[in-house]
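Working notes, structure below.
Nothing in this text is a laboratory measurement; each read-out follows from the coordinates by a stated rule. In this text, all values refer to a predicted model and were calculated from it rather than measured experimentally. Methodologically, a virtual Cβ is constructed for each residue, glycine included, from the backbone with ideal geometry; neighbour enumeration extends over all protein chains shown.
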Amino acid sequence: MSEQAVHDWIRKAVANNDVVLFMKGNKNFPQCGFSAQVVQILGHLGVDYKDINVLEDMSIRDGIKTFSQWPTIPQLYVKGEFVGGCDIVREMFQAGELQQLLDDKGIAHAPSTMTA
Amino acid sequence: MPMDAQDIERLIKAAFPGAEVTITDLAGDGDHFAAHVVAGAFAGKTRLQQHKMVYDALQGRMGGALHALALTTAAPKD
């Protein structure tokens, strides 16, 4: 796939799914500690999300970096908008900002305690 | 080629003069670091923008030579 085609594919994926996590491995078997942390946080929040394993497709692994202009994986998208990588997601979660973002975007999640 | 803590600190300080930069070698293997950066340039920026500024300072090494950098950023408190 050309970079343009990959970007189109990613654009569609983040448009068609409220919450998308580009990660190494999948939500049941993360293959990187950073991806695993985000899976844990989303799991804790009981958020329904689509996981996309970048290890299965080199063009997506590279394409998501240029699409988001962000150099690392995982990458979390909510309602088509790039939220951040592992550090940002964790900081937002700890500050209650991730829960607030999900509320603002109308995405269902479990009531949360701060103990993930 | 892995980076050492001094390289990371030097690149970040070059981009943010006067910044307070704390690098921790998490695993002692020269490959997994944590960085805490407090810089005036972060004032008024979102967390996403702040992290991106640090990644830019690392000039493409993030995700390449630098596999693991757990990053926290803040603007200085008055």
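What value, in deg cm²/dmol to 500, does the helix sum -39500 (n - 2.57) over DSSP H runs of n ≥ 4 give at 222 nm once divided by the residues of chain B?
Numbers: 2 runs with 22 residues, N = 78.
Calculated mean residue ellipticity at 222 nm is -8500 deg cm²/dmol.
Just how far, in whole angstrom, is the stretch A:84-112 from the stretch A:42-66 if you go by their alpha carbon centroids?
If we compute the Cα centre of each part, the gap is 17 Å.
Within 10 Å of each Cβ of A:82-88, how many other protein chain Cβ atoms are there on average?
5
Considering the options B:Gln59, A:Tyr77, A:Gln37, tell which one lies farthest towards the positive end of the dipole of the protein assembly as shown, charges being +1 on Lys and Arg and -1 on Asp and Glu at the Cβ, about the Cα centre.
A:Tyr77
Efficiency by 1/(1 + (r/R0)^6): what FRET value for A:His109 and B:Ala27, r their Cβ-Cβ distance, R0 = 41 Å, to the nearest 0.05? All intermediate terms of the calculation are to be shown ahead of the outcome.
Details: r = 33 Å, r/R0 = 0.79.
The value I calculate is 0.80.
Which order results if B:Asp7, A:Asp48 are arranged by neighbouring Cβ count within 10 Å, fewest first? Spell out each step's value before the answer.
Numbers: B:Asp7 15, A:Asp48 11.
Going from least to most buried by this count: A:Asp48, B:Asp7.
State the volume of the convex hull built on the alpha-carbon positions of the stretch A:1-49, expressed per residue in Å³ and rounded to an integer.
On the way: hull volume 4.0 nm³, N = 49.
Roughly 81 Å³ of hull volume per residue.
May I ask you to order A:38-44, B:9-15, A:3-9 by the average number of other C-beta atoms within 10 Å around their residues, highest value first?
Put in order of decreasing packing, that is A:38-44, B:9-15, A:3-9.
Quote the FRET efficiency, to the nearest 0.05, computed for B:Ala14 versus B:Lys77 with a Förster distance R0 of 22 Å and r equal to the Cβ-Cβ distance. Kindly include the intermediate steps, with their values, before the conclusion.
Working: r = 24 Å, r/R0 = 1.08.
Once rounded, the FRET efficiency stands at 0.40.
Return P(r) of the stretch A:31-102 (all Cα-Cα pairs; 10 Å bins starting at 0; whole %; ordered from short to long distances).
In order of increasing distance, the bins hold 19, 57, 23, 1 percent.
If the viscosity is 0.692 mPa s and the temperature 37 °C, what translational diffusion coefficient in µm²/s does Stokes-Einstein give for the protein assembly as shown when Rh comes from Kirkwood over Cα pairs? Please list the in-between numbers first.
Values: Rh = 17.4 Å.
Approximately 189 µm²/s, per Stokes-Einstein.
Residues of B:51-59, mean number of Cβ from any other protein chain within 10 Å of their own Cβ, rounded to a whole number?
Counting other chains' Cβ atoms within 10 Å and averaging over B:51-59 gives 2.
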